[in-house]
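Inspection log for the structure reproduced underneath, given as structure tokens.
Values quoted throughout were computed directly from the atomic coordinates according to the rules given, and no laboratory measurement underlies them. Quick caveat: nothing in here was measured; it's all calculated off a predicted structure. Neighbour counts run over all protein chains shown; Cβ positions are idealised from the backbone, glycine included.
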Amino acid sequence: MSREKQANLPTAIDLFCGAGGLSEGFRQAGFRVLVGNDADKFAGVTYTVTHCGAVFLPGPIQSLSAADFLRAAKLRKGELDALLAVRPVRLLVSITTSVAFMMTAAACSVNISASWKGCCRSGSSWKM
């Protein structure tokens, strides 16, 4: 696809991207996925190889800000079309671990939601 046609595609950033399955689905649906993030460095190696047009930001989501992602994507606030955020699924071995994971995931979702407010284009059909 030409650069001119790519520039007209809606944009996306993929949080918790893993190896990039969701990014690939959005790419096939006509999006230009610009940035992916995951704490798993091995998933990051795969993501980098399979999504050569995207920047991979390694590390825990808590150590990065919305501004870090927008800078990597070369976008300004309000220019992003879709923020992809599917929390990782992990095997939970006990009730205590399960409750702790759910609480951590909920807190992380709230923090992500607050820090990304206003980053997507207005009128976008995407909702968090």
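Things worth noting here:
- Residue exposure sequence - Leu15, Leu9 - by fewest surrounding Cβ within 10 Å: Leu9, Leu15
- Long-range amide H partners of Ala39 with built H, under 5 Å: Gly59
- Couplings for segment 74-83, taken from phi via the Karplus curve 6.51 cos²θ - 1.76 cosθ + 1.60 with θ = phi - 60°, read 6, 10, 9, 4, x, 9, 7, 8, 8, 10 Hz in order; Gly and Pro are left as x.
- Whole-Hz ³J(HN,Hα) from phi, Karplus 6.51 cos²θ - 1.76 cosθ + 1.60, for segment 11-18, glycine and proline x: 9, 8, 10, 10, 8, 6, 6, x
- Placed amide H near Arg121: partners under 5 Å, 5+ positions off or other chain: Leu80, Asp81
- Taking amide H as placed 1.01 Å from N in the peptide plane, the amide H of Arg32 sits under 5 Å from that of Thr11, Ala12, each at least 5 places away or on another chain.
- Residue order for Ile61, Ile13, fewest other beta carbons within 10 angstrom first, comes to Ile61, Ile13.
- Here the 3J(HN,Hα) profile of segment 23-39, calculated from phi with Karplus coefficients 6.51, -1.76 and 1.60 at θ = phi - 60°, is 4, 5, x, 5, 4, 5, 7, x, 9, 9, 7, 9, 9, x, 9, 7, 7 Hz, Gly and Pro shown as x.
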